[in-house]
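Colleague: Once you've had a glance at the structure underneath, I'll fire off some questions.
The values are calculated or read from the model by the stated rules, or taken from the named source; none is laboratory data. Fair warning: this is a prediction, and the values are worked out from it, not measured in the lab. Every residue, glycine among them, receives a Cβ derived from its backbone with ideal geometry; neighbour counts consider all protein chains shown.
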């Protein structure tokens, strides 16, 4: 098994963009025939025009029943078409889990079946679960805590690069990705082994985009907000999730700690996508960003959580989360994506939830999760239909869970599947598993210049964000040691004069990545895959 932190990669291009999930909530669908048989669209009007929706082709209960009956065949066909090893699905309606099944295997090459009890790493599906913890904490705070509470009041030692943002940023800003931190800010530190405390402290070195008017999906930006809420209660985030979410909801197989996931015998292995195949090669420890991506769970537990969402914060007569805080979180707070062109529908993000209208006119609340090292998940609820679905897979993000959810909701709302969702989703998600780095697809020059003398390069290089880099000689090239205690090794091979090549391998640098390491005449060393935000240059010490 290879460690997910074995070497670094460009974090800024790997966080699953929530606009992708928005695209699945908004893509075209078929039309229902009008009652008079004229072939027009039957529109059911609401109290106001923005509540008008395309009518269902049949009675709701019958539509759901027919869609559920087709789910097993859809699931099996989707696994076959995609090559993903395993998947689990649950459907919730009318405060009941009406469907829960597993398909495929927990690990490729074995016969260990996926069941509804199989525990998966759910990646960024952790975010709306964390929102539930915040909404519960708000409800217990007697008015002392809200989405508008400034982070500085709860984490006085935390700072952004801009003192104005440090002063004004709220918990809601963190959970809606509008602090100005770039997509993936801090993920690059996690890739090379730094812990949560160190990463959050070094976020002050990250450049910022416009505060509250820009949207950039940021795991550690959200984690800051979660840590602030935990600090308000004098406990760790993991304790908060146990106390306010997992225990009261009866989610007995769920945890925000990676060690708890590893302790399950019935757990799904991650499968990265390498050379066109899904390979079980990695362990992904997301504890540093646990509020954003560190939860493990199964579809039975998550169906209980979805029941609570659809019931406005209650489950089986018990209030779990403050209803107003939960509703605010599921309400659009910022535009998360648009296009293409003027014909493209916008996608929106609330606090830790995608919140956008479907083509039918009904609002969809959703979130997807993905690890390039081998997990892809999604959930989607349609409150007007009192309906929700969750799909967990153990394969790298190729759009499979989103495709299955889209097929199911097509059947409910339109009576037919409207497109080849599996193929279309695979094309949309292809960038998520594509190699990164400036040398991908490049060939070494036929007559490269000689590299500099190694004895003039070896030594210690300093970087305030990434920490020290130790450069040493190895057979055939150089080796750079970075991260805590130099635990991440990058082998540098001569490319052309002062330019070397290295192959990063981590959550944010998928299989096949290749990047340049360039030595400057001023004693600097720039690693391309770490320079997405301009922080990837080390200076030789002494």
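Colleague: Kindly establish whether residue 419 is in a loop (DSSP other than H, G, I, E, B) and within 30 Å of residue 57 (Cα to Cα).
Modeller: Numbers: in a loop (DSSP other than H, G, I, E, B): yes; within 30 Å of residue 57 (Cα to Cα): yes.
Yes.
Colleague: Output the residue which, of all residues in region 138-164 that are in contact (Cβ under 8 Å) with a residue 60 or more places away in the chain and part of a loop (DSSP other than H, G, I, E, B), is nearest to residue 199 (Cα to Cα).
Modeller: Per the stated criteria, the residue is 158.
Colleague: Of all the residues that make up region 105-123, how many are surrounded by 24 or more Cβ atoms within 10 Å (Cβ to Cβ) and assigned to a strand (DSSP E or B)?
Modeller: The qualifying residues number 3.
Colleague: Scan region 328-377 for residues that are assigned to a loop (DSSP other than H, G, I, E, B), free of Cβ contacts under 8 Å to residues at least 24 places away in the same chain and farther than 29 Å from residue 56 by Cβ and jot them down.
Modeller: Correct list: 339, 340.
Colleague: Also, I was wondering about something else. Please state which one of 259, 275 is assigned by TED's automatic domain parsing to the domain that holds residue 398 and closer than 30 Å to residue 225 by Cβ.
Modeller: Numbers: 275 fails: closer than 30 Å to residue 225 by Cβ.
Going through 259, 275 in turn, the sole match is 259.
Colleague: Considering only residues that are closer than 17 Å to residue 83 by Cα and either surrounded by 24 or more Cβ atoms within 10 Å (Cβ to Cβ) or touching a helix residue (DSSP H, G or I) at 6+ places or on another chain (Cβ under 8 Å) (or both), which ones fall in region 401-423? Quick ask: steps written out before the conclusion?
Modeller: First, pick out the residues of region 401-423 that are closer than 17 Å to residue 83 by Cα: 401-404, 420-423.
401, 402, 403, 404, 421, 422, 423 - these are the residues of region 401-423 that are closer than 17 Å to residue 83 by Cα and either surrounded by 24 or more Cβ atoms within 10 Å (Cβ to Cβ) or touching a helix residue (DSSP H, G or I) at 6+ places or on another chain (Cβ under 8 Å) (or both).
Colleague: Hey, can you tell me all the residues within region 404-424 that are farther than 16 Å from residue 359 by Cβ, in contact (Cβ under 8 Å) with a residue 60 or more places away in the chain and out of contact with any strand residue (DSSP E or B) (no Cβ under 8 Å at 6 or more places or on another chain)? So that I can check it myself, show each step before the final result.
Modeller: If we filter region 404-424 for residues that are farther than 16 Å from residue 359 by Cβ, which is where we start, we get 404, 420, 422-423.
Next, only the ones that are in contact (Cβ under 8 Å) with a residue 60 or more places away in the chain stay: 404, 422-423.
Those that are farther than 16 Å from residue 359 by Cβ, in contact (Cβ under 8 Å) with a residue 60 or more places away in the chain and out of contact with any strand residue (DSSP E or B) (no Cβ under 8 Å at 6 or more places or on another chain): 422, 423.
Colleague: Starting from region 211-225, take each residue that is not assigned by TED's automatic domain parsing to the domain that holds residue 128 and list its partners that are modelled with pLDDT of 95 or more and surrounded by fewer than 24 Cβ atoms within 10 Å (Cβ to Cβ), counting only C-beta distances under 6 angstrom and pairs at least six apart or across chains.
Modeller: Short answer, once both residue conditions are applied: none.
Colleague: Applying the selection to region 226-245, what residues are more than 20 Å from the chain's Cα centre (by Cα) and part of a helix (DSSP H, G or I)? Break it down stepwise before answering.
Modeller: To start, the set of residues in region 226-245 that are more than 20 Å from the chain's Cα centre (by Cα) comprises 228-236, 239-240, 242-244.
Residues satisfying the conditions are 228, 229, 230, 231, 232, 233, 239, 240, 242, 243, 244.
Colleague: Among the residues in region 79-88, are any surrounded by fewer than 18 Cβ atoms within 10 Å (Cβ to Cβ) and within 26 Å of residue 360 (Cα to Cα)?
Modeller: Our first condition is that a residue be surrounded by fewer than 18 Cβ atoms within 10 Å (Cβ to Cβ); within region 79-88, this holds for 80-81, 83.
In the following step, the residues that additionally are within 26 Å of residue 360 (Cα to Cα) were identified as none.
For region 79-88, residues surrounded by fewer than 18 Cβ atoms within 10 Å (Cβ to Cβ) and within 26 Å of residue 360 (Cα to Cα): absent.
Colleague: For region 516-533, enumerate the residues that are within 22 Å of residue 441 (Cα to Cα) and either in contact with a strand residue (DSSP E or B) (Cβ under 9 Å, 6 or more places away or on another chain) or outside the structural domain of residue 479 (by TED's automatic domain parsing) (or both). Full working, then the answer.
Modeller: The first filter runs over region 516-533 and keeps only residues within 22 Å of residue 441 (Cα to Cα), leaving 516-519, 526-532.
Result: 516, 517, 518, 519, 526, 527, 528, 529, 530, 531.
Colleague: Does region 165-176 contain any residue that is in contact with a helix residue (DSSP H, G or I) (Cβ under 6 Å, 6 or more places away or on another chain), in a helix (DSSP H, G or I) and closer than 15 Å to residue 289 by Cβ?
Modeller: yes
Residue-wise test of (1) surrounded by fewer than 20 Cβ atoms within 10 Å (Cβ to Cβ); (2) within 19 Å of residue 325 (Cα to Cα); (3) not assigned by TED's automatic domain parsing to the domain that holds residue 230.
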| site | (1), (2), (3) |
| --- | --- |
| 140 | yes, yes, no |
| 147 | no, yes, no |
| 159 | yes, no, no |
| 162 | yes, no, no |
| 167 | yes, no, no |
| 179 | no, no, no |
| 184 | no, no, no |
